[in-house]
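**Q** Take this structure first; my questions come after.
FYI, it's all coordinate maths here, none of it is from the lab. Just so we're clear, the structure is a prediction, and the values are computed from it rather than from any experiment. Note that we place each Cβ from the backbone using ideal geometry, even for glycine, and neighbour counts take in every protein chain shown.
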DNA sequence: TTGAAAGCGCTAACAT
DNA sequence: ATGTTAGCGCTTTCAA
């Protein structure tokens, strides 16, 4: 008997009708203050809780936002979800969370589940394994408001919130140059994800802007993991002329690279400078502390949710063209990228 | 027009009735395979998605689990949520996430919101600021299935999943002793939270079991933060006879202590041994790597969800007495607690 | 300012 | 094995 009380009960109690009670509870204009007051009193006295299933069914609004992230275990996404959730509550929305585990099949299941739950809108950060985007096209076609964040794709005409990955990578690379490093290598991530593609381009852009030739052998293609970082170092130090700095496409990759370099007794910084991307929590506390690029996670969550709410609340407008919010990356200089040894 | 298709449409298409379609879609026994097949075909052909609002309203089951965590930004909770969510999906439940931000007011709002959404069950890790538990009593009274995880309270008769904090603390303290440390200090957390209370007791228990007197001056009361760790060191090293090891009530506190000790040029390990609690991601990668106690986060999430599902699915049974699942803590020995210097 | 009545889409009891 | 009917609890015309 947890949820027995309905508006009908309140109506009976006050000798009025469900319609009046409903209106009073949602502060409908044409209801006398006296009635409103007595209804609210009776409601809280009877411990009434509006049944959102019934309400949604009738009104067509669920006040539910579906959020798909690759994994709640990854700090970055937890942090973005934190941002999303805090603003969602302010707008009266609840967050339905779904993890894709970087897997396109689960991702699609999440979307199905959201459709079935009739969420008012969807927020997605695309799974690593997703290369075919038809499930998102389907959502788009159905007209369900959807916004990508961080892991996005521009080809489907879906709005998105990202940071400027190109610029972040550009800044990171120039930072290494400014510290006196000359041969800068890059360990990249999956190129079908725009972020990592853009970071690679930003890296190349910075080199070119400084009249340095891009050497393909100094680019190692990893897959966003500690292992990739280690493998990158493996690869680079098998070259006749290894690099003197590494820009890793995200912090875990940088961490792997640092561990491997340390095992090889290569001095960081000095002999080799390292910078990552993401500003994960651990970076500040490892030795050497990791220079990185901050992605403004909380702000990203907030912006994504605000954009989605705009879509939900004034659907017809803004439908002309794809919106894209680009946040500024923040360079965080720490020890791992300190000055290159003057030798050479 | 995103969601126009209903079972009535399918029924019309196939010259049958909504009831048959409904039954066919949920694989009701008494429906011919032929009908089932044609219904399923028509459904997927028309792109039908079951309306869960309607279904829930009628059946009384929402297949929604409400989860309240202090913050998605904290890795530990992200990880538990990961565990919860993965099993929830297997059971056909969706997770509604709410963050309390360690604040009792938000916590209560989350519960209200869950009641209104008619969730089938609730999972909560209690906020740091919560000292009055009446809102949970209210949930209990309403008969809504609820399970605490990690941050729990035993006085309300609510089932819970925790790790054995006492034992974990006991193990951590004995570990330091076994490495040759003699004067072991403890930086604790908020004592109204059972975890931190138990860890303090475990620390004292281990000392007593080894015939070592507990010195109140070697216990510093912190509040689960990097700052607390620093303050603890401040406090201890103002004593005439500082400790030679620190057991911190969680990893961030340990991290603060280590940073402060490093700044004071005190050697870890050797001069001072340090161990934390939680097995946060960064511990493996800081220098020295942090010894700690693993809390089996994923398992905790899974167990909590399984326990909740049990409550939901066979309510009357098990209602006699409070259930409590206690997971085993896992000691993780790393560098920060290596052997004490033999000097002295 | 309020009431009466219909219906959102689905499921389940009761037929047949 | 399938159809008929009622109704979950709410919101929303339309009418008074």
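**Q** Can you pull a Stokes-Einstein diffusion coefficient for the stretch A:1-126 at 20 °C (1.002 mPa s), Rh from Kirkwood over Cα pairs, as a whole number of µm²/s?
**A** On the way: Rh = 16.9 Å.
It comes out at roughly 127 µm²/s.
**Q** Calculate, axis by axis, the spread of Cα positions in the protein assembly as shown along the three principal axes, and write the results as whole Å, longest axis first.
**A** Principal axes ranked by extent give 83, 68, 55 Å for the Cα atoms.
**Q** Which three extents, in whole angstrom, do the alpha-carbon atoms of the stretch B:195-344 cover along their principal axes, largest first?
**A** 61, 34, 27
**Q** In percent, how large is the relative contact order of chain B, given Cα pairs closer than 8 Å and 6 or more residues apart? Please list the in-between numbers first.
**A** Details: 646 pairs, mean separation 57.3, N = 344.
It rounds to 17 percent for chain B.
**Q** List the residues of the stretch A:81-99 whose backbone N lies under 14 Å from a point placed 7 Å from the Cα of residue B:105 along the Cα-to-Cβ direction.
**A** Answer for this model: A:90.
**Q** Between residue B:59 and residue B:131, what FRET efficiency comes out of the Förster formula 1/(1 + (r/R0)^6) with R0 = 45 Å and r the beta carbon distance, rounded to 0.05? Present the calculation step by step, with values, prior to reporting the outcome.
**A** On the way: r = 38 Å, r/R0 = 0.85.
Efficiency, rounded to the nearest 0.05: 0.70.
**Q** Under a plain spin-label model, where a point goes 7 Å from the Cα along Cα-to-Cβ, how far apart in nm are residue A:287 and residue A:156?
**A** Label at residue A:287, label at residue A:156, 4.6 nm between them.
**Q** What does the convex hull of the Cα atoms of the stretch B:94-139 come to per residue, in Å³, rounded to a whole number? Please report the intermediate quantities before stating the final value.
**A** Numbers: hull volume 3.1 nm³, N = 46.
So the per-residue hull volume is 67 Å³.
**Q** Quick check of the Kirkwood formula: for chain A, what is the inverse mean of 1/r over all pairs of different Cα atoms, in Å?
**A** Details: mean 1/r = 0.0442 Å⁻¹.
Kirkwood radius, chain A: 22.6 Å.
**Q** If you average the sequence gap of Cα pairs under 8 Å that are 6 or more apart and divide by the length of the stretch B:1-99, what percent do you get for the contact order? It would help to have the intermediate numbers written out before the result.
**A** Values: 82 pairs, mean separation 22.0, N = 99.
So the answer I get is 22 percent.
**Q** Something else now. Between copies, how far does the label point of residue B:6 sit from its twins, in nm, shortest first, when each point is 7 Å from Cα along Cα→Cβ?
**A** Copy-to-copy label distances at residue B:6, shortest first: 1.8 nm.
**Q** Here is a further query. Give me the Å³ per residue figure for the convex hull around the C-alpha atoms of the stretch A:165-274. Before the final figure, lay out each step's value.
**A** On the way: hull volume 9.1 nm³, N = 110.
So the per-residue Cα hull volume is 82 Å³.
**Q** Any idea what the residue B:323 label distances to the other copies are, label 7 Å down the Cα→Cβ vector, nm, shortest first?
**A** 4.6
**Q** Give the Rg/Rh ratio for the stretch A:70-164, taking Rg as the radius of gyration of the Cα atoms and Rh as the Kirkwood radius, to two decimals.
**A** Numbers: Rg = 12.6 Å, Rh = 13.7 Å.
When Rh is taken as the Kirkwood radius, the ratio is 0.92.
**Q** Show that you can apply the helix-only estimate: for chain B, add -39,500 (n - 2.57) for every DSSP H stretch of four or more residues, divide by all residues, and state [θ] at 222 nm to the nearest 500.
**A** Working: 12 runs with 147 residues, N = 344.
Dividing the helical sum by the residues of chain B leaves -13500 deg cm²/dmol.
**Q** Placing the label point 7 Å from Cα along the Cα-to-Cβ direction, what are the distances from residue A:214 to the equivalent spots in the other copies, shortest first, in nm to one decimal?
**A** Here residue A:214 shows inter-copy label distances of 6.4 nm.
**Q** Let me ask you something else. Dividing the Cα radius of gyration by the Kirkwood radius, what Rg/Rh value follows for the stretch B:1-47?
**A** Working: Rg = 10.0 Å, Rh = 10.5 Å.
Taking Rg over the Kirkwood Rh, I get 0.96.
**Q** Find the Cα radius of gyration of the stretch B:112-209, compare it with 2.2 N^0.38 Å by division, and give the number to two decimals. Numbers along the way, then the final one.
**A** Working: Rg = 17.1 Å, N = 98, 2.2 N^0.38 = 12.6 Å.
Cα-based Rg divided by the globular estimate yields 1.37.
**Q** With the crude spin-label approximation of a point 7 Å out along Cα→Cβ, what separation in nm comes out for residue B:212 versus residue A:208?
**A** Inter-label distance under the simple model: 6.3 nm.
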